Amino acid sequence: MATKQSPGGVQSVERAFTILEVITVAGGEMSLSELSHAVDLPLPTIHRLLRTLVEPGYIRQLPNRSYALGPRLIPLGEAATRQLGPASRPILKRLADELGESANMAALDSQMIVYIGQVQSSRSMRMFTEVGRRAYPHATGVGKAILATMPNAEVEKIVRATGMPQPTPKSASTLKELFERLDVVREQGYAIDDEEQELGVRCYALAVPGDPTRIGISVSGPSSRVDDAFGEKAVPLLQAAAAEIADEARVGGTAASF
């Protein structure tokens, strides 16, 4: 990964964040040699940046001499996640209004999906997901959308850590089956939860592009209404909403309150 300095930016700070992002994408742990191949920086520079990040706890060195994400990042990520849901509420509300179904936002927190925002449908029969609820990523639309942005090796680490329980008979039950489904997500650009989390409920989901915190959005409702015709309308609106959330995250968009 090339490290180009932004106009007016501080080069060492940008390089430090590049290292954090590269380790995150790699699954949270990398050796020094792996980092040197992934980051376009001299080895002494990488080593100096790592030492700087290790001292306050943003990076930790493991007994095998590899480097992993450190505990000081946890409260930062939690605070950012808490703000993302409220900040994106107007976008979720627009999705719910335009499509007539519940709109959701979720993040990958360690190996689980946690829902951080929702605007419910105004219909009497609707999908409700409690903010803060956790779910297995392999059995949710938003989880599969996020997993599809990762290499299969990283997906396998997550799945082996959590297992693959089947909330319904339609949930993926093996890594092979999950990888096949993720290939479909990558090809079509969106994920479908076809009664995999709850029988009678379908959802369309996308990952927010370019977001290192791994956020996804979805619209969900009864399978009788959330059909293929619904998907043809929903996918472009989800794509526009995901791009808008990504833009707001980059420029520090104004937060709205729940």
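Sorting 217-227, 42-52 by average packing, meaning the other beta carbons within 10 Å per residue, from highest down gives 217-227, 42-52.
Here r is the Cβ-Cβ distance between residue 122 and residue 13 and R0 is 35 Å; the resulting FRET efficiency, rounded to 0.05, is 0.15. If R0 is taken as 30 Å, the Cβ-Cβ distance between residue 174 and residue 29 corresponds to a FRET efficiency of 0.75.
Since every read-out is calculated from the coordinates, none of them should be taken as a lab result. Quick caveat: nothing in here was measured; it's all calculated off a predicted structure. Counting neighbours? That spans all protein chains shown, and the Cβs are built from the backbone with ideal geometry, glycine included.
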